[in-house]
Amino acid sequence: MNGLFKSDTLKPAIALAYLTGILPVVRDKVQSKLNNFREYTMLNAFDLSEFVGFNSDEVEALCKEHKIDFSECRRWYDGYKLSRNVTDKNGNISEIKYEVYNPESVVLTLETKEFGNYWSKTSSYQVISDRLRQNFDGTKDAVIRMLGGESVDVDAGSYLNTMTDFKNADDIMTYLIHLGYLSYDKDEKKCRIPNGEIRDEWQRAIGDCDEYKATDKIIKHSRELLQATLDGEEEIVAKALDESHIHVTSNRSYNNEDALQCAIYLSYIYALNKYTIVKEMTAGKGFADVTFIPFAQNMPAIIVELKHDKDERTALNQIKEKEKEYFSSLEQYSGNLLFVGINYNEKTKKHKCKIEKFKK
């Protein structure tokens, strides 16, 4: 590299050098021979943002051409957000945002006519589990929150872009962003698990780590919990939330309502195979704390109202009182409904649940 880019003899002969790879250039030496390269990464791809993967317009057109469900394709492979700034003729600068899809997975879906995890054919969840075993302070809490559907703060500026020199949880998260196991919001400086395909990889990695046995247990029981909810098994639902709520609040207040939402999302993670789960879905002047909107056939919509130190029937009654408002939020849905009222006690850390069935 020194001979190519720092040589007075060769330098005049080189118009452009273009290198590709997964990780950015290593920053371990101030006088690196590569310190004058312009980098386009998953943190910021600048003018190349729309070319990093397939963008949503391209995928929608491909799905239409090949008669593939675009919304399902989005659920499986979307989730990476990139952007670039453009200047109009008047000199005004605006930002164009792109939803970026994994092109390999999209192509294989179009060829096979089946949605699934094609990531595992080209990479391994071992990349995640190896990093999780390093167990830096804050890593476990961040992972549990992301599995629970949240975005977490990340400082992507300290990472040296190596595969060995990790100093903290931020370095781990930044590394996984570059590899595609997390998506990054540069405006909010947060990361999250992007889509269904990558969520599968995270669940496999969690199952491979002793430190996450409790998390793995909750995830594996999520299918039975969904069925218990559909069957109206109120005590089973309440007991499952007892365990999950305590688990996700290791470093946060138990009484934080966001923690309970995270616990519900984690407990029902299997439901993502059949539902779009929306937190705090607007319902007129109030909110349905968690709403499950089915995309699979013959599944009821589920509206969950959360209360603490009150009564599960109070939560259920609040849904009924705002019934018309909730229905307006689900105006595109027609079918069976489950109203789920959940109350948790701050002192006993116990939940109670009431489930009633309706038809819209």
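The values are calculated or read from the model by the stated rules, or taken from the named source; none is laboratory data. A quick note: this is a predicted structure, and the numbers were derived from the prediction, not measured. A quick note on method: Cβ atoms are made from the backbone with ideal geometry, for glycine too, and the neighbour counts reach across all protein chains shown. Quick note on the areas: whole protein, heavy atoms, side chains included, nothing else; ligands and nucleic acids left out. Shrake-Rupley method; radii C 1.70, N 1.55, O 1.52, S 1.80 Å.
Worth a mention:
- Pairs meeting the criteria (first residue in segment 182-195 and of a type in the set (D, E), second residue modelled with pLDDT under 95 and part of a strand (DSSP E or B), beta carbons under 8 Å, at least 6 apart or on different chains) are D185/K81.
- Counting only helices (runs of 4 or more DSSP H) that fall entirely inside segment 109-196 and contain at least 3 residues that are more than 22 Å from C262 (Cα to Cα), the qualifying elements are 126-132, 169-179.
- Search result, residues across segment 70-110 that are open to solvent by 50 Å² or more (accessible area, probe 1.4 Å) and closer than 18 Å to N273 by Cβ: S71, R74, R75
- When L226 is tested against the conditions (1) more than 28 Å from Y101 (Cα to Cα); (2) surrounded by fewer than 19 Cβ atoms within 10 Å (Cβ to Cβ); (3) among the aliphatic types (A, V, I, L, M), the lone failure is (2).
- Of all residues in segment 314-360 being basic (K, R) and at pLDDT below 80, the one that is most open to solvent (accessible area, probe 1.4 Å): K324
- Unmet criterion (only one of (1) farther than 23 Å from L23 by Cβ; (2) part of a helix (DSSP H, G or I); (3) out of contact with any helix residue (DSSP H, G or I) (no Cβ under 6 Å at 6 or more places or on another chain)) for L226: (3)
- The listed residue being within 16 Å of the chain's Cα centre (by Cα), of a type in the set (K, R), open to solvent by 20 Å² or more (accessible area, probe 1.4 Å) and more than 30 Å from H66 (Cβ to Cβ), out of R145, R199, R131, R192: R145
- Test for T215: is it of a type in the set (S, T, Y), within 30 Å of V340 (Cβ to Cβ) and either at pLDDT below 95 or crowded, with 19+ Cβ neighbours inside 10 Å (or both): yes
- When segment 111-143 is limited to residues that are modelled with pLDDT of 90 or more and of a type in the set (K, R), the one that is nearest to T174 (Cα to Cα) turns out to be R131.
- Enumeration of residues in segment 156-187 that are surrounded by fewer than 18 Cβ atoms within 10 Å (Cβ to Cβ) and under 16 Å from the mean Cα position of the chain (by Cα): L179, D185, K186
- Only a single item in (1) touching a Phe, Trp or Tyr at 6+ places or on another chain (Cβ under 7 Å); (2) closer than 30 Å to G3 by Cα; (3) open to solvent by 50 Å² or more (accessible area, probe 1.4 Å) is not met by N36, and it is number (1).
Each row is one residue, and each column tells you yes or no for (1) within 28 Å of D171 (Cα to Cα); (2) β-branched (V, I, T); (3) more than 26 Å from the chain's Cα centre (by Cα).
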{"residue": "G21", "(1), (2), (3)": "yes, no, no"}
{"residue": "P24", "(1), (2), (3)": "yes, no, no"}
{"residue": "N36", "(1), (2), (3)": "yes, no, yes"}
{"residue": "T41", "(1), (2), (3)": "yes, yes, no"}
{"residue": "F54", "(1), (2), (3)": "yes, no, no"}
{"residue": "D57", "(1), (2), (3)": "no, no, no"}
{"residue": "L62", "(1), (2), (3)": "no, no, no"}
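- Top-ranked residue in segment 8-48 [being at pLDDT 80 or above and among the small types (G, A, S); ranked as farthest from L182 (Cα to Cα)]: A13
- One residue from S83, S105 being part of a strand (DSSP E or B), farther than 30 Å from L4 by Cα and out of contact with any Leu (no Cβ under 6 Å at 6 or more places or on another chain): S83
- Pairs linking a residue in segment 300-314 that is closer than 16 Å to C262 by Cα to a residue that is hydroxyl-bearing (S, T, Y) and not in a strand (DSSP E or B), with Cβ atoms under 6 Å and 6 or more positions apart or on different chains, are I303/Y326; K307/T314.
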